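S.K.: Got a structure for you, written out below as structure tokens; questions coming shortly.
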Amino acid sequence: MKKLMMTPSNNMTRVLVFGTFDHLHPGHEHFLKAAQALGDELIACLSPDKIVLKLKDREVMNSYSKRKKALESAGFCDKAVQGDSSLGGYQIIKKIKPDIIALGYDQKALKADLKRWMAENEQSIVLKTISAYKPKIYKSSLLK
């Protein structure tokens, strides 16, 4: 795995993904491998525990630190970072400066909110939606 700085070099493509990644499963693996293929560096932005509760109306099964360790040790990303402590501000995007944000097939609300944020902040980041991998089997909400 590469050691990343928060400012990408001019010829490197940085990809950012957002997620909870509470219980890694083959659907996550498919998503992360597809996101990896889009660039040179993949950073996973993990939802803080309190944001998961707000978004999914349930607590996480694994703490942020356990989710981060599992994701990084699985080798699916170059680095995992904690997301913002409030919704919609996207300070993490300003810090990481991604070229591409890869989204899961079910992250439609996030995609719409990112488009809003980019328009308001005059940002031009490519949004790519990754296809589903057996969503009737490997959707996190089904695997609780």
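S.K.: So Cys45 ticks every box in (1) farther than 16 Å from Leu24 by Cα; (2) in contact with a helix residue (DSSP H, G or I) (Cβ under 8 Å, 6 or more places away or on another chain); (3) at pLDDT 95 or above; (4) not in a helix (DSSP H, G or I) but one. Which box is left unticked?
M.R.: (1)
S.K.: Say we look at the range 57-76 and pick out the residues that are loosely packed, with under 15 Cβ neighbours inside 10 Å and among the small types (Gly, Ala, Ser); which of these is farthest from Ala35 (Cα to Cα)?
M.R.: Ser63
S.K.: Now a separate question. Look at Ala80 and say whether it is assigned to a strand (DSSP E or B), aliphatic (A, V, I, L, M), out of contact with any Ser or Thr (no Cβ under 8 Å at 6 or more places or on another chain) and more than 17 Å from Val126 (Cβ to Cβ).
M.R.: So Ala80 fits the description; yes.
S.K.: Among the residues of the range 83-108, how many are of a type outside the set (Gly, Ala, Ser) and either assigned to a loop (DSSP other than H, G, I, E, B) or in contact with a helix residue (DSSP H, G or I) (Cβ under 7 Å, 6 or more places away or on another chain) (or both)?
M.R.: Count: 11.
S.K.: Please identify the pairs in which a residue from the range 82-101 that is buried (at least 16 other Cβ atoms within 10 Å of the Cβ) has its Cβ atom under 6 Å from the Cβ atom of a residue that is of a type in the set (Asp, Glu), counting only partners at least 6 apart or on another chain.
M.R.: Ile92/Asp84
The values are calculated or read from the model by the stated rules, or taken from the named source; none is laboratory data. Computed from a prediction, not measured in an experiment: that's the story for all the values here. Here Cβ is always computed from backbone atoms with ideal geometry, including for glycine, and neighbour counts include all displayed protein chains.
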